[in-house]
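**Student:** Pasting in a structure now, in C-alpha coordinates, and then I'll have a few things to ask.
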Amino acid sequence: MSDWRREWSNRLQRALLGTNDARIVLRLRLPLLWLASLLFAALVLPDRVWTTLLIGLIGLIILAFLWARELARGLSAERRLRFGWVSVGDRLEEEFALDNRSGLPALWVEIRDESNVPGYQVGAARAVGAADRVRWRQSSICTRRGQYHLGPWAIDSGDPFGLFRVTRRYEARDEIIIHPPIHSSLPIPLPPGSNDGRARTRERAWQATTNAATVREYHTLDPYHWIHWPTTARKGSLYVRQFERDAAGDIWLVIDAQAAVQLGEGADGTEEQAVLLAAALAARALSETRGVGLAAYPRQPRVVVPAVGEGQQWRVLRSLALLRADGEIDLGRSLGELGQGISRGSATIIITPSADPGWLPQLAQLSRQGIESHVLLLDRPSFGGVGDSEALRQAITLLGYRCQVVRRGEVGQPIVEAERHGFWDFKVTGTGKAVAVRRPFDH
(Lines give C-alpha, C1' and ligand atoms only; values in the text may rest on other atoms or scores of the structure.)
Protein backbone atom coordinates (compact mmCIF):
# COMPACT_ATOMS: atom_id res chain seq x y z
CA MET A 1 0.00 0.00 0.00
CA SER A 2 1.33 3.42 -0.91
CA ASP A 3 2.06 5.95 1.82
CA TRP A 4 -0.75 8.33 0.90
CA ARG A 5 -3.33 5.56 0.90
CA ARG A 6 -2.11 4.26 4.27
CA GLU A 7 -2.17 7.74 5.80
CA TRP A 8 -5.59 8.47 4.37
CA SER A 9 -6.89 5.15 5.72
CA ASN A 10 -5.44 5.78 9.19
CA ARG A 11 -6.97 9.23 9.39
CA LEU A 12 -10.36 8.00 8.34
CA GLN A 13 -10.15 5.21 10.88
CA ARG A 14 -9.27 7.50 13.73
CA ALA A 15 -11.79 10.16 12.79
CA LEU A 16 -14.77 8.08 11.73
CA LEU A 17 -14.27 4.60 13.15
CA GLY A 18 -12.86 5.56 16.52
CA THR A 19 -10.98 2.27 17.02
CA ASN A 20 -7.83 0.53 15.91
CA ASP A 21 -9.17 -3.01 16.42
CA ALA A 22 -10.34 -3.16 12.81
CA ARG A 23 -8.91 -1.40 9.77
CA ILE A 24 -10.73 0.02 6.76
CA VAL A 25 -8.63 0.08 3.63
CA LEU A 26 -9.55 1.46 0.23
CA ARG A 27 -9.40 -1.47 -2.17
CA LEU A 28 -10.04 0.32 -5.51
CA ARG A 29 -8.45 3.56 -6.63
CA LEU A 30 -10.55 3.74 -9.81
CA PRO A 31 -13.70 5.28 -8.19
CA LEU A 32 -11.56 8.16 -6.92
CA LEU A 33 -10.26 8.75 -10.45
CA TRP A 34 -13.84 8.72 -11.71
CA LEU A 35 -14.79 11.17 -9.00
CA ALA A 36 -11.96 13.51 -9.99
CA SER A 37 -12.88 13.23 -13.67
CA LEU A 38 -16.57 13.92 -13.05
CA LEU A 39 -15.73 16.85 -10.82
CA PHE A 40 -13.49 18.28 -13.52
CA ALA A 41 -16.18 17.74 -16.18
CA ALA A 42 -18.85 19.35 -13.99
CA LEU A 43 -16.69 22.45 -13.50
CA VAL A 44 -15.43 22.79 -17.08
CA LEU A 45 -18.54 21.56 -18.94
CA PRO A 46 -21.51 22.27 -16.68
CA ASP A 47 -24.29 19.86 -17.48
CA ARG A 48 -27.01 17.98 -15.62
CA VAL A 49 -25.55 14.63 -16.72
CA TRP A 50 -22.17 15.27 -15.10
CA THR A 51 -23.81 16.62 -11.95
CA THR A 52 -26.09 13.58 -11.67
CA LEU A 53 -23.23 11.16 -12.16
CA LEU A 54 -21.08 13.09 -9.69
CA ILE A 55 -23.77 13.02 -7.00
CA GLY A 56 -24.46 9.34 -7.63
CA LEU A 57 -20.79 8.40 -7.38
CA ILE A 58 -20.32 10.43 -4.20
CA GLY A 59 -23.38 8.74 -2.70
CA LEU A 60 -22.04 5.33 -3.68
CA ILE A 61 -18.68 5.99 -2.04
CA ILE A 62 -20.33 7.32 1.12
CA LEU A 63 -22.71 4.36 1.27
CA ALA A 64 -19.85 1.91 0.78
CA PHE A 65 -17.79 3.54 3.50
CA LEU A 66 -20.69 3.64 5.98
CA TRP A 67 -21.36 -0.03 5.28
CA ALA A 68 -17.70 -0.89 5.86
CA ARG A 69 -17.59 1.21 9.02
CA GLU A 70 -20.62 -0.59 10.39
CA LEU A 71 -18.99 -3.95 9.76
CA ALA A 72 -15.74 -2.76 11.33
CA ARG A 73 -17.62 -1.88 14.49
CA GLY A 74 -19.81 -4.97 14.70
CA LEU A 75 -18.06 -7.86 12.99
CA SER A 76 -15.83 -10.17 15.07
CA ALA A 77 -14.73 -13.79 15.15
CA GLU A 78 -13.36 -16.37 17.53
CA ARG A 79 -11.84 -19.83 17.31
CA ARG A 80 -11.52 -22.61 19.84
CA LEU A 81 -9.51 -25.82 19.71
CA ARG A 82 -11.80 -28.68 20.68
CA PHE A 83 -9.17 -31.19 21.80
CA GLY A 84 -5.84 -29.98 23.11
CA TRP A 85 -4.13 -33.40 23.15
CA VAL A 86 -3.65 -34.87 19.67
CA SER A 87 -1.41 -37.53 18.16
CA VAL A 88 -0.49 -38.47 14.64
CA GLY A 89 -3.57 -40.02 13.08
CA ASP A 90 -5.95 -38.10 15.35
CA ARG A 91 -8.38 -35.48 14.18
CA LEU A 92 -7.37 -31.87 14.85
CA GLU A 93 -10.59 -29.89 15.09
CA GLU A 94 -11.39 -26.24 15.77
CA GLU A 95 -14.68 -24.47 16.17
CA PHE A 96 -15.03 -21.05 14.50
CA ALA A 97 -17.70 -18.45 15.11
CA LEU A 98 -18.53 -15.24 13.22
CA ASP A 99 -20.51 -12.68 15.19
CA ASN A 100 -22.12 -9.76 13.37
CA ARG A 101 -23.56 -7.27 15.86
CA SER A 102 -24.09 -4.60 13.24
CA GLY A 103 -27.36 -3.74 11.51
CA LEU A 104 -26.00 -4.62 8.04
CA PRO A 105 -25.14 -8.05 6.65
CA ALA A 106 -21.63 -9.15 5.82
CA LEU A 107 -22.09 -10.65 2.37
CA TRP A 108 -18.61 -12.15 2.43
CA VAL A 109 -16.12 -12.82 5.19
CA GLU A 110 -12.77 -14.39 4.40
CA ILE A 111 -10.68 -16.21 7.00
CA ARG A 112 -6.91 -15.77 6.60
CA ASP A 113 -4.85 -18.05 8.81
CA GLU A 114 -1.10 -18.23 9.45
CA SER A 115 -1.08 -21.59 11.24
CA ASN A 116 1.71 -23.96 10.27
CA VAL A 117 0.18 -27.35 11.11
CA PRO A 118 0.98 -29.64 8.15
CA GLY A 119 -2.07 -30.31 6.01
CA TYR A 120 -4.35 -28.04 8.04
CA GLN A 121 -6.18 -25.52 5.86
CA VAL A 122 -8.38 -22.98 7.64
CA GLY A 123 -8.95 -20.53 4.79
CA ALA A 124 -12.70 -20.18 4.22
CA ALA A 125 -15.35 -17.71 3.07
CA ARG A 126 -18.64 -17.24 4.88
CA ALA A 127 -21.61 -14.87 4.90
CA VAL A 128 -23.33 -13.68 8.05
CA GLY A 129 -26.54 -11.71 8.30
CA ALA A 130 -27.27 -8.61 10.34
CA ALA A 131 -27.32 -9.29 14.09
CA ASP A 132 -26.52 -12.93 13.39
CA ARG A 133 -23.94 -15.52 14.38
CA VAL A 134 -22.46 -18.30 12.26
CA ARG A 135 -20.59 -21.33 13.58
CA TRP A 136 -18.69 -24.09 11.82
CA ARG A 137 -15.95 -26.62 12.44
CA GLN A 138 -12.68 -27.02 10.61
CA SER A 139 -10.77 -30.27 10.92
CA SER A 140 -7.89 -32.24 9.51
CA ILE A 141 -5.99 -35.45 10.21
CA CYS A 142 -2.66 -34.95 11.97
CA THR A 143 0.03 -36.40 9.75
CA ARG A 144 3.30 -35.27 11.32
CA ARG A 145 4.46 -35.02 14.91
CA GLY A 146 6.09 -31.87 16.21
CA GLN A 147 5.43 -28.47 17.72
CA TYR A 148 3.31 -26.07 15.68
CA HIS A 149 1.15 -23.02 16.20
CA LEU A 150 -2.44 -22.06 15.45
CA GLY A 151 -2.66 -18.40 14.39
CA PRO A 152 -2.13 -15.52 14.08
CA TRP A 153 -5.18 -15.05 11.89
CA ALA A 154 -7.48 -12.39 10.50
CA ILE A 155 -10.92 -11.87 8.98
CA ASP A 156 -11.54 -9.74 5.90
CA SER A 157 -14.87 -8.33 4.79
CA GLY A 158 -16.17 -5.26 3.04
CA ASP A 159 -19.02 -3.45 1.41
CA PRO A 160 -21.07 -5.05 -1.41
CA PHE A 161 -19.50 -2.72 -4.02
CA GLY A 162 -15.96 -3.84 -3.25
CA LEU A 163 -14.64 -0.34 -2.57
CA PHE A 164 -13.45 -0.84 1.02
CA ARG A 165 -11.93 -3.79 2.82
CA VAL A 166 -12.44 -4.31 6.55
CA THR A 167 -9.72 -6.30 8.32
CA ARG A 168 -9.73 -7.44 11.91
CA ARG A 169 -6.53 -9.22 12.96
CA TYR A 170 -6.06 -11.56 15.91
CA GLU A 171 -2.45 -11.88 17.06
CA ALA A 172 -3.11 -14.82 19.39
CA ARG A 173 -0.68 -17.63 18.68
CA ASP A 174 -1.51 -20.91 20.42
CA GLU A 175 1.17 -23.58 20.51
CA ILE A 176 0.12 -27.14 19.83
CA ILE A 177 2.17 -30.33 20.04
CA ILE A 178 1.25 -33.31 17.90
CA HIS A 179 2.48 -36.42 19.71
CA PRO A 180 3.56 -39.71 18.19
CA PRO A 181 0.93 -42.46 18.23
CA ILE A 182 1.14 -45.46 20.54
CA HIS A 183 1.06 -48.96 19.04
CA SER A 184 0.21 -51.60 21.60
CA SER A 185 0.87 -54.76 19.58
CA LEU A 186 4.64 -54.69 19.06
CA PRO A 187 6.18 -58.14 19.72
CA ILE A 188 9.16 -56.70 21.59
CA PRO A 189 9.81 -57.80 25.19
CA LEU A 190 10.89 -55.40 27.89
CA PRO A 191 14.20 -56.01 29.66
CA PRO A 192 13.56 -56.83 33.32
CA GLY A 193 16.40 -55.13 35.14
CA SER A 194 16.23 -55.25 38.94
CA ASN A 195 16.15 -52.85 41.84
CA ASP A 196 18.59 -53.30 44.69
CA GLY A 197 17.19 -55.71 47.28
CA ARG A 198 14.46 -56.89 44.90
CA ALA A 199 11.99 -54.55 46.55
CA ARG A 200 8.41 -55.54 46.26
CA THR A 201 5.64 -53.57 44.65
CA ARG A 202 2.15 -53.23 46.00
CA GLU A 203 0.57 -54.50 42.82
CA ARG A 204 -0.71 -58.10 42.90
CA ALA A 205 0.41 -60.41 40.06
CA TRP A 206 -1.86 -62.82 38.19
CA GLN A 207 1.03 -65.23 37.65
CA ALA A 208 3.43 -66.84 40.07
CA THR A 209 6.51 -64.82 41.00
CA THR A 210 9.24 -65.20 43.58
CA ASN A 211 7.42 -62.82 45.94
CA ALA A 212 4.55 -64.34 47.92
CA ALA A 213 2.85 -61.46 49.68
CA THR A 214 -0.04 -63.09 51.53
CA VAL A 215 -2.59 -65.88 51.27
CA ARG A 216 -6.22 -66.06 50.25
CA GLU A 217 -8.94 -68.67 49.94
CA TYR A 218 -8.66 -71.22 47.15
CA HIS A 219 -10.65 -70.67 43.92
CA THR A 220 -11.57 -73.35 41.44
CA LEU A 221 -9.14 -72.22 38.73
CA ASP A 222 -6.11 -71.83 41.02
CA PRO A 223 -3.21 -74.25 40.34
CA TYR A 224 -2.63 -76.86 43.02
CA HIS A 225 1.01 -75.87 43.44
CA TRP A 226 -0.15 -72.46 44.70
CA ILE A 227 -1.66 -74.08 47.81
CA HIS A 228 -0.06 -72.89 51.04
CA TRP A 229 -0.20 -76.02 53.17
CA PRO A 230 0.69 -74.52 56.57
CA THR A 231 -2.21 -72.06 56.36
CA THR A 232 -4.50 -74.77 54.96
CA ALA A 233 -3.73 -77.03 57.93
CA ARG A 234 -4.26 -74.21 60.41
CA LYS A 235 -7.51 -72.94 58.88
CA GLY A 236 -8.99 -76.28 57.96
CA SER A 237 -9.71 -75.20 54.35
CA LEU A 238 -7.65 -74.65 51.20
CA TYR A 239 -5.61 -71.44 50.98
CA VAL A 240 -3.28 -70.37 48.19
CA ARG A 241 -0.41 -67.93 48.04
CA GLN A 242 -1.08 -64.47 46.59
CA PHE A 243 1.90 -63.13 44.69
CA GLU A 244 3.31 -59.67 44.21
CA ARG A 245 5.07 -58.59 41.09
CA ASP A 246 8.85 -58.34 41.22
CA ALA A 247 10.08 -54.79 41.39
CA ALA A 248 11.97 -54.47 38.12
CA GLY A 249 14.41 -51.68 37.50
CA ASP A 250 13.94 -48.51 35.53
CA ILE A 251 14.04 -48.58 31.74
CA TRP A 252 15.99 -46.04 29.71
CA LEU A 253 14.91 -45.65 26.08
CA VAL A 254 18.01 -44.63 24.13
CA ILE A 255 17.47 -43.32 20.59
CA ASP A 256 20.37 -42.93 18.21
CA ALA A 257 19.81 -39.36 16.96
CA GLN A 258 22.96 -39.02 14.85
CA ALA A 259 21.99 -37.50 11.51
CA ALA A 260 24.65 -39.41 9.56
CA VAL A 261 23.07 -42.83 10.19
CA GLN A 262 19.46 -41.94 9.41
CA LEU A 263 17.66 -43.24 6.33
CA GLY A 264 14.44 -42.24 4.61
CA GLU A 265 12.03 -39.41 5.32
CA GLY A 266 8.66 -39.01 6.94
CA ALA A 267 6.73 -41.98 8.27
CA ASP A 268 8.96 -44.44 6.40
CA GLY A 269 12.24 -43.03 7.74
CA THR A 270 14.33 -44.48 10.52
CA GLU A 271 13.83 -41.38 12.67
CA GLU A 272 10.06 -41.77 12.71
CA GLN A 273 10.23 -45.53 13.20
CA ALA A 274 12.52 -45.08 16.21
CA VAL A 275 10.12 -42.57 17.74
CA LEU A 276 7.14 -44.90 17.22
CA LEU A 277 9.01 -47.77 18.83
CA ALA A 278 10.01 -45.64 21.81
CA ALA A 279 6.46 -44.35 22.32
CA ALA A 280 4.98 -47.86 22.28
CA LEU A 281 7.60 -49.31 24.62
CA ALA A 282 7.30 -46.40 27.04
CA ALA A 283 3.53 -46.79 27.24
CA ARG A 284 3.81 -50.54 27.86
CA ALA A 285 6.47 -50.15 30.54
CA LEU A 286 4.53 -47.43 32.35
CA SER A 287 1.39 -49.57 32.27
CA GLU A 288 3.42 -52.17 34.17
CA THR A 289 4.42 -49.55 36.76
CA ARG A 290 8.00 -49.49 35.49
CA GLY A 291 10.00 -46.32 35.72
CA VAL A 292 10.76 -45.03 32.20
CA GLY A 293 13.29 -42.47 31.03
CA LEU A 294 14.40 -41.18 27.65
CA ALA A 295 17.84 -40.27 26.34
CA ALA A 296 18.57 -38.89 22.87
CA TYR A 297 21.34 -36.52 21.84
CA PRO A 298 20.42 -34.50 18.75
CA ARG A 299 21.37 -30.82 18.52
CA GLN A 300 18.88 -30.17 21.31
CA PRO A 301 19.33 -33.14 23.68
CA ARG A 302 16.17 -34.82 24.94
CA VAL A 303 16.69 -36.40 28.35
CA VAL A 304 13.80 -37.38 30.63
CA VAL A 305 14.67 -38.77 34.06
CA PRO A 306 12.91 -42.10 34.82
CA ALA A 307 9.63 -41.89 36.69
CA VAL A 308 6.28 -43.65 36.79
CA GLY A 309 2.70 -42.57 36.27
CA GLU A 310 0.56 -40.98 33.62
CA GLY A 311 2.35 -37.66 33.89
CA GLN A 312 5.62 -39.36 32.93
CA GLN A 313 4.01 -40.71 29.78
CA TRP A 314 3.06 -37.18 28.71
CA ARG A 315 6.61 -35.99 29.40
CA VAL A 316 8.12 -38.80 27.34
CA LEU A 317 5.67 -38.30 24.47
CA ARG A 318 6.31 -34.57 24.46
CA SER A 319 10.04 -35.12 24.17
CA LEU A 320 9.50 -37.67 21.41
CA ALA A 321 7.24 -35.26 19.55
CA LEU A 322 9.96 -32.62 19.51
CA LEU A 323 12.84 -34.98 18.75
CA ARG A 324 14.74 -34.46 15.49
CA ALA A 325 17.55 -36.82 14.52
CA ASP A 326 19.95 -34.05 13.52
CA GLY A 327 22.76 -34.66 16.00
CA GLU A 328 26.48 -35.10 15.49
CA ILE A 329 27.10 -37.33 18.52
CA ASP A 330 27.42 -41.00 17.59
CA LEU A 331 25.79 -43.82 19.54
CA GLY A 332 28.99 -44.81 21.38
CA ARG A 333 29.40 -41.34 22.83
CA SER A 334 25.70 -41.18 23.68
CA LEU A 335 25.94 -44.42 25.65
CA GLY A 336 29.06 -43.11 27.39
CA GLU A 337 27.26 -39.97 28.55
CA LEU A 338 24.22 -41.97 29.63
CA GLY A 339 26.40 -44.39 31.62
CA GLN A 340 27.68 -41.57 33.80
CA GLY A 341 24.25 -40.92 35.29
CA ILE A 342 22.40 -44.22 35.09
CA SER A 343 21.93 -46.29 38.24
CA ARG A 344 22.88 -49.93 38.72
CA GLY A 345 20.01 -52.35 38.15
CA SER A 346 18.43 -50.27 35.41
CA ALA A 347 17.89 -51.51 31.88
CA THR A 348 18.30 -49.84 28.51
CA ILE A 349 16.50 -50.30 25.20
CA ILE A 350 18.79 -48.99 22.47
CA ILE A 351 17.13 -48.09 19.17
CA THR A 352 19.52 -47.44 16.32
CA PRO A 353 19.76 -47.73 12.51
CA SER A 354 23.55 -47.89 12.68
CA ALA A 355 25.35 -50.88 11.17
CA ASP A 356 28.72 -49.80 12.56
CA PRO A 357 29.82 -51.96 15.52
CA GLY A 358 32.02 -49.19 16.90
CA TRP A 359 29.61 -48.56 19.78
CA LEU A 360 29.72 -52.12 21.13
CA PRO A 361 32.52 -51.37 23.66
CA GLN A 362 30.24 -48.81 25.31
CA LEU A 363 27.50 -51.44 25.41
CA ALA A 364 29.90 -53.74 27.25
CA GLN A 365 30.76 -50.93 29.66
CA LEU A 366 27.07 -50.59 30.57
CA SER A 367 26.98 -54.30 31.27
CA ARG A 368 29.97 -53.99 33.62
CA GLN A 369 28.04 -51.29 35.48
CA GLY A 370 25.21 -53.77 36.13
CA ILE A 371 22.94 -52.37 33.42
CA GLU A 372 21.03 -54.79 31.22
CA SER A 373 20.61 -53.81 27.57
CA HIS A 374 18.25 -54.75 24.77
CA VAL A 375 19.12 -53.55 21.26
CA LEU A 376 16.62 -52.82 18.49
CA LEU A 377 18.33 -52.55 15.12
CA LEU A 378 16.45 -50.75 12.36
CA ASP A 379 17.23 -52.84 9.30
CA ARG A 380 19.13 -50.57 6.92
CA PRO A 381 18.50 -52.53 3.69
CA SER A 382 14.73 -52.41 4.23
CA PHE A 383 14.97 -48.62 4.56
CA GLY A 384 16.90 -48.30 1.31
CA GLY A 385 20.40 -48.20 2.80
CA VAL A 386 23.44 -50.44 2.82
CA GLY A 387 24.77 -52.51 5.68
CA ASP A 388 24.31 -55.94 7.22
CA SER A 389 21.99 -55.51 10.20
CA GLU A 390 21.62 -59.27 10.58
CA ALA A 391 25.36 -59.75 10.96
CA LEU A 392 25.47 -57.04 13.61
CA ARG A 393 22.55 -58.70 15.41
CA GLN A 394 24.42 -61.99 15.51
CA ALA A 395 27.52 -60.26 16.86
CA ILE A 396 25.52 -58.57 19.62
CA THR A 397 23.82 -61.86 20.47
CA LEU A 398 27.17 -63.65 20.72
CA LEU A 399 28.30 -61.00 23.20
CA GLY A 400 25.39 -62.03 25.43
CA TYR A 401 22.91 -59.22 24.72
CA ARG A 402 19.40 -59.50 23.40
CA CYS A 403 18.99 -57.97 19.97
CA GLN A 404 16.12 -57.74 17.52
CA VAL A 405 16.00 -56.44 13.95
CA VAL A 406 13.03 -54.21 13.07
CA ARG A 407 12.31 -53.87 9.38
CA ARG A 408 10.51 -51.13 7.52
CA GLY A 409 6.75 -51.51 7.75
CA GLU A 410 6.71 -53.57 10.95
CA VAL A 411 5.49 -50.54 12.88
CA GLY A 412 1.93 -49.81 11.71
CA GLN A 413 0.80 -46.65 9.99
CA PRO A 414 -1.40 -44.64 12.39
CA ILE A 415 -3.30 -42.74 9.69
CA VAL A 416 -4.64 -45.95 8.18
CA GLU A 417 -5.88 -47.00 11.61
CA ALA A 418 -7.59 -43.66 12.18
CA GLU A 419 -9.34 -43.71 8.81
CA ARG A 420 -10.64 -47.22 9.43
CA HIS A 421 -11.92 -46.67 12.94
CA GLY A 422 -13.00 -43.03 12.73
CA PHE A 423 -12.47 -40.44 15.44
CA TRP A 424 -13.63 -39.71 18.95
CA ASP A 425 -16.26 -37.07 19.60
CA PHE A 426 -18.43 -36.12 22.57
CA LYS A 427 -22.20 -36.45 22.70
CA VAL A 428 -24.43 -34.94 25.37
CA THR A 429 -27.18 -37.30 26.50
CA GLY A 430 -30.66 -36.28 27.60
CA THR A 431 -29.56 -36.28 31.22
CA GLY A 432 -26.78 -33.78 30.48
CA LYS A 433 -23.95 -36.31 30.66
CA ALA A 434 -21.15 -36.07 28.09
CA VAL A 435 -20.08 -39.43 26.68
CA ALA A 436 -17.37 -40.26 24.14
CA VAL A 437 -18.53 -41.79 20.87
CA ARG A 438 -16.59 -42.84 17.79
CA ARG A 439 -17.73 -41.28 14.52
CA PRO A 440 -16.68 -42.25 11.02
CA PHE A 441 -14.65 -39.87 8.88
CA ASP A 442 -16.43 -38.04 6.10
CA HIS A 443 -14.73 -38.70 2.77
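The values are calculated or read from the model by the stated rules, or taken from the named source; none is laboratory data. None of these values were measured; they are calculated from a predicted model. Positions of Cβ are backbone-derived with ideal geometry, glycine not excepted, and every protein chain shown enters the neighbour counts. With ligands, DNA and RNA removed, areas are computed over all heavy atoms of the protein, side chains included. Shrake-Rupley method; radii C 1.70, N 1.55, O 1.52, S 1.80 Å.
**Student:** Could we say that G291 is under 25 Å from the mean Cα position of the chain (by Cα), crowded, with 16+ Cβ neighbours inside 10 Å and farther than 22 Å from I176 by Cα here?
**Tutor:** yes
**Student:** Of everything in segment 133-156 that's surrounded by 15 or more Cβ atoms within 10 Å (Cβ to Cβ) and of a type in the set (F, W, Y), which residue is farthest from the chain's Cα centre (by Cα)?
**Tutor:** Among those residues, the one meeting the criterion is W153.
**Student:** Taking V128, is it at pLDDT 95 or above, crowded, with 19+ Cβ neighbours inside 10 Å and either of a type in the set (A, V, I, L, M, F, W, C) or touching a His at 6+ places or on another chain (Cβ under 8 Å) (or both)?
**Tutor:** yes
**Student:** Ok, one more. Suppose we filter segment 173-188 for residues that are open to solvent by 60 Å² or more (accessible area, probe 1.4 Å) and either without any contact (Cβ under 8 Å) to a residue 40 or more places away in the chain or of a type outside the set (A, V, I, L, M, F, W, C) (or both); how many remain?
**Tutor:** Here the count works out to 6.
**Student:** Does A325 qualify as being part of a loop (DSSP other than H, G, I, E, B) and at pLDDT 95 or above?
**Tutor:** Criteria met by A325.
**Student:** If you don't mind, another one. Tell me, which residue of segment 90-125 that is surrounded by fewer than 17 Cβ atoms within 10 Å (Cβ to Cβ) and among the polar types (S, T, N, Q) is nearest to the chain's Cα centre (by Cα)?
**Tutor:** The extreme case among them is N116.
**Student:** Let me ask something else. Report, by residue number, each residue of segment 344-355 that is out of contact with any Lys or Arg (no Cβ under 7 Å at 6 or more places or on another chain) and either modelled with pLDDT of 95 or more or surrounded by 15 or more Cβ atoms within 10 Å (Cβ to Cβ) (or both).
**Tutor:** G345, S346, A347, T348, I349, I350, I351, T352, S354
**Student:** Out of segment 62-82, which residues are touching a Lys or Arg at 6+ places or on another chain (Cβ under 8 Å), outside any strand (DSSP E or B) and hydrophobic (A, V, I, L, M, F, W, C)?
**Tutor:** A68, A72
**Student:** Which members of segment 62-84 meet the condition of being surrounded by 12 or more Cβ atoms within 10 Å (Cβ to Cβ) and either modelled with pLDDT under 80 or small (G, A, S) (or both)?
**Tutor:** Across segment 62-84, the qualifying residues are A64, A68, A72, G74, S76, A77.
**Student:** A further question follows. For W252, work out the one condition from (1) at pLDDT 90 or above; (2) outside any strand (DSSP E or B); (3) not aliphatic (A, V, I, L, M) it doesn't fulfil.
**Tutor:** All conditions are met except number (2).
**Student:** Is it true that some residue in segment 374-394 is open to solvent by 40 Å² or more (accessible area, probe 1.4 Å), farther than 23 Å from A285 by Cβ and touching a Cys at 6+ places or on another chain (Cβ under 9 Å)?
**Tutor:** Yes, segment 374-394 contains a residue that is open to solvent by 40 Å² or more (accessible area, probe 1.4 Å), farther than 23 Å from A285 by Cβ and touching a Cys at 6+ places or on another chain (Cβ under 9 Å).
**Student:** Is there any pair with a first residue in segment 326-341 that is surrounded by fewer than 15 Cβ atoms within 10 Å (Cβ to Cβ) and a second that is of a type outside the set (S, T, Y) and in a loop (DSSP other than H, G, I, E, B) whose Cβ atoms are under 6 Å apart and which are 6 or more apart or on different chains, and what are they?
**Tutor:** As it stands, the answer is D326/P298; D326/R299, since those pairs meet every condition given.
Okay, residues lined up against (1) surrounded by 12 or more Cβ atoms within 10 Å (Cβ to Cβ); (2) without any contact (Cβ under 8 Å) to a residue 60 or more places away in the chain; (3) part of a helix (DSSP H, G or I):
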| residue | (1), (2), (3) |
| --- | --- |
| L28 | yes, no, no |
| S37 | yes, yes, yes |
| A41 | yes, yes, yes |
| P46 | no, yes, no |
| T51 | yes, yes, yes |
| L57 | yes, yes, yes |
| L60 | yes, no, yes |
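**Student:** For segment 215-249: of the residues being open to solvent by less than 50 Å² (accessible area, probe 1.4 Å) and closer than 30 Å to S334 by Cβ, which is modelled with the highest pLDDT?
**Tutor:** Applying the filter and picking the extreme gives G249.
**Student:** Grab the strands (runs of 3 or more DSSP E) fully contained in segment 83-169, keeping just those with 1 or more residues being in contact with an Asp or Glu (Cβ under 6 Å, 6 or more places away or on another chain) and either small (G, A, S) or closer than 21 Å to A64 by Cα (or both).
**Tutor:** In segment 83-169, the matching strands (runs of 3 or more DSSP E) lie at 91-100, 106-113, 124-128, 132-141, 153-158.
**Student:** Kindly list, by first and then second residue, each pair from a residue in segment 306-317 that is in contact (Cβ under 8 Å) with a residue 60 or more places away in the chain to a residue that is in a helix (DSSP H, G or I), limited to pairs with Cβ atoms under 7 Å and residues at least 6 apart or on different chains.
**Tutor:** Qualifying pairs under 7 Å: V316/A282; L317/A279.
**Student:** List the pairs whose first member sits in segment 253-272 and is hydroxyl-bearing (S, T, Y), whose second member is buried (at least 18 other Cβ atoms within 10 Å of the Cβ) and not in a loop (DSSP other than H, G, I, E, B), and whose Cβ atoms are under 8 Å apart, counting only residues at least 6 apart or on separate chains?
**Tutor:** From segment 253-272, the pairs are T270/V261; T270/L378; T270/F383.
**Student:** Here is a check on your reading of the model: is V275 modelled with pLDDT of 95 or more, assigned to a helix (DSSP H, G or I) and in contact with a strand residue (DSSP E or B) (Cβ under 8 Å, 6 or more places away or on another chain)?
**Tutor:** Spelling it out, V275 is indeed modelled with pLDDT of 95 or more, assigned to a helix (DSSP H, G or I) and in contact with a strand residue (DSSP E or B) (Cβ under 8 Å, 6 or more places away or on another chain).
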